[in-house]
1. Compute the FRET efficiency between A:R363 and B:R131 as 1/(1 + (r/R0)^6), taking r as their Cβ-Cβ distance and R0 = 25 Å, and round to the nearest 0.05.
2. Report, in listed order, any pair from A:K144/A:K451; B:K18/B:K117; B:K158/B:K243; A:K101/A:K373; A:K479/B:K167 with a Cα-Cα distance greater than 24 Å.
3. Could you pull out every one of the aspartates and glutamates with an alpha carbon less than 20 Å from that of A:K208, ignoring same-chain neighbours closer than 8 positions?
4. Just checking the output field for A:418-425: average partner chain Cβ neighbours within 10 Å of each residue's Cβ?
5. Once you have all Cα-Cα distances for region A:382-483, histogram them in 10 Å bins from zero and send the whole-percent values.
6. Arrange the following residues from fewest to most other Cβ atoms within 10 Å of their Cβ: B:Y355, A:Y153, A:Y14, A:Y185.
7. Give, as a single signed number, the net charge of other residues whose beta carbon lies under 12 Å from the beta carbon of A:S147, with Lys and Arg counted +1 and Asp and Glu -1.
8. Could you work out how far the C-alpha centroid of region B:212-243 sits from that of region B:56-93, in angstrom?
Amino acid sequence: MSTADFGILSFGAYLPRARLQRKAIAAANAWFAPGLRGLAKGERSICNWDEDSITLAVEAARDCLAGFDRQALTQLVLASSTLPFDDRQNAGVVANALQLKSALRAIDQSGSQRAGSTALAAALDGYGAPGQTLVVAADARKSKAGSTQEMHYGDGAAAVLVGHGEPLARLIASHSETVDFVHQYRMHDRAHDYAWEERWVRDEGYMKIVPRAVAALLAKSGVDAAAITHFCMPGTLSRIGVAVAKRCGLGEGTVRDNLAAVCGDTGVAHPLLMLAAALEDAKAGDRILLAAFGEGCDALLFEVTPAIAQAGERRGVRGALAARREDGNYMRYLSFNNLVDLERGMRAEPDKPTQMTVLYRNRDMIQGLIGGKCRVCGTVQYPRQRYCVNPECNALDSQDDYAFSERSGTLMSYTADSLTYSPDPPTYFGMVQFDGGGRMLMDFSEVEPGKIDVGLPVRMVFRIKDADPMRGFVRYFWKATPA
Amino acid sequence: MASGIKDKVVILGMGCSKFGERWDCNAQDLMVEAFEEALADAGIERKQIEAAWLGTAIEEQHLGKSAVPLAMTLRLPYIPVTRVENYCATGTEALRGAVYAVASGAADIALALGVEKLKDTGYGGLPQRGRGALNDLFWPNLSAPGSFAQLAAAYRAKHGADKDELKRAMAHISVKSHANAARNPKAHLRNAITEDDVLRAPMIAEPLGLYDCCGVSDGSACAIVCTPDIARGLGKKDLVAVKALQVAVSNGEEVQFDRWDGSYFATTRIAAARAYKEAGITRPREQVSLVDVHDCFSVTELVTMEDLQLSPEGTAIRDVLDGFFDAEGAVPCQIDGGLKCFGHPIGASGLRMVYEMYLQLSGRAGSRQLGAPTWGVTHNLGGFPSQNVAAISVIGAYGA
């Protein structure tokens, strides 16, 4: 079977808007860990209270799938080292949010910083598969207060669509090394990573394992090191990219920015995020070498096709980096990550159970934001009820599914509610009037104080709606955010 | 349309507890306080009551479910007793049950009692609570002030109102209600405040500050109603009659259909039109003597003036600032202090409004008595601007 039409069909990215300023981390912790001052440059992306790896993944996937038929997907891989659920298919939540068909192989891939790169390599090796595979890698990374991880890490997601069509890039070859080199680890009952000395990680890890994988990859592909135009390798150790490139025989000019200064290391997402960034800059004929380190190394070599020039519009890494909000509030970051026991008041106490029967029956309405459109009168409405809401119609069972998630709208009314409990008060909510019909009274996210009024254009984002600490559950819904 | 209930039912007696932070009381004590006053006012014995309605909304905070707590507390002799709940319009719903029972001929004398014990939550404002299994999955994370604050944004957008002028009109509303409540010994908040106090108060839900929000109170109110013949037979003179009782409930059009603009209450407009028709009021702005509306928030009162046809649409800010609804104005509003200052024990509020109408029409309103009122209108609202229950009553002199 020809592989000429098989490869990367699209890609997407997402970073949380909030960028915690590293100097705020250093300032708060200088009394205990003065060494952090040396790392206090730039900013890192941090999840809002209502974001996690599932919601990050949905955003990256939407970016990747814009203009593509979601029903062509036969496989979805969600790769993350921070999946919210240990048991409940996380990819299934993403699939429901994206309204993928149920005839779908969904895979949660975890266990290593290479979960994303391995998933991508596996998808690209499966060129005989009939449908398309979406590989989404996302991480909402946890770290202890005052740790170097807190400085280095970032939160984010990237998605790559693999299949037959007009690929933007084709895989030339891939090679994986698996070595039980434990540079960091986290057992299932622990919240945070435990890391070993950086100098050892550099000398015995990156500098030996990555070059071995790259050498094997180049040998397999028959491509000369000098022919590589983009070298993507996540890693926050000082100048590690250049050092490894040199060891591999790659030119220093090929080494791509590891985004440490602007978003931090997004863990499992980072190999795909750097690949996406490379694709945004690439031109036809470029060769991209992706190397992902972690208990071994995945090395993937791509050739960029002429289709890259006609690639559709997307937010991408560039757009995600630009959509930023500086955040210097370290205390709020600690609170969002349960690193400080904040007094939340009695209004935070009410029990919030989710009845699984109710969620299941209404999963498309809730997780997919599916409403109805009346076949009799054309009225678009949410939620879809048995009788049409139009008083001149009121037809029974007359509505077809109508998806709101990709529709734009404007604010009809709003408030900033300081009374109701929110992890990040005030709560912004109000009525959204959708372009093309339909309205919803709904929560907003990412509203900046003073930058909201009637008429504000908004789009929908998939977010955490409520947490149920008593039973350890999180439920999701859609919110409006400034477009 | 049905012939309506005008003059078929009169108020035989009413009672109302002191509203406020009643740390000393259980809900049952408040019920007895209101009932004793009503019973004495009616001049009957409890065994003459043939049917009763209990209105209470957040029963899990105090009484628990069903009508049994009313029957047990008042020792009602195995009569039919019904508990009703319809958001914050619960009190008027209890009255409607009793009034309809009498109007239908099913009972000669019936009782309606509303009660709420809200100050046992441990914090200010209404208790946080679930909104239903499915609703909890998609409704916004809203508080009552947050949902009503939406009115201000939409009203401003529709009428091109100036933000500061709207806020000043809202402030005027609260200042007026505090001034009125100072003359009401049963009111929860009796302190006078200034416009500056309102404008400088902490923000609760933009643009509603602390003084734009009504009190959360403990309290109970009670009505005993009967046929005009029964009342006359008991020697009552100058009867106060129920002229109209109308309720309109949202069916989802506001929140789901693209017609409503968010700046008014669709339900109030419909219920008011029906109530005026039932009562025979054709020119509300000229005919209504006084009004007690559901001023849960200042902005609610403002838009309600238009919904009740007391101000032409888009002119409520002007009327409010001109003092049209002040105690000395053409149509005094919240002469008893309203929800804002009399307080808002949910199940009791609708009945408390009628209590003030009853006192005013009987000339028994003490230092806040208005001249010679002929038509009193109450407006009791439950829910949120986008989906709610509006309950309107018209109270007037029997036969007028």
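Only the coordinates and a few stated rules stand behind these numbers; no lab work does. A quick note: this is a predicted structure, and the numbers were derived from the prediction, not measured. Using ideal geometry, Cβ is built from the backbone for each residue, glycine included, and neighbour counts are taken over all protein chains shown.
1. Numbers: r = 19 Å, r/R0 = 0.77.
Efficiency at R0 = 25 Å is approximately 0.85.
2. Cα-Cα > 24 Å for A:K144/A:K451; B:K158/B:K243; A:K479/B:K167; rest within.
3. A:E177, A:D180, A:E197, A:E198, A:D224, A:E252, A:E295, A:D298
4. Across the residues of A:418-425, the mean count of other-chain Cβ atoms within 10 Å is 5.
5. 14, 39, 31, 15, 1
6. With the sparsest Cβ surroundings first, the list reads A:Y185, A:Y153, B:Y355, A:Y14.
7. In short, +1.
8. Answer, in whole Å: 18.
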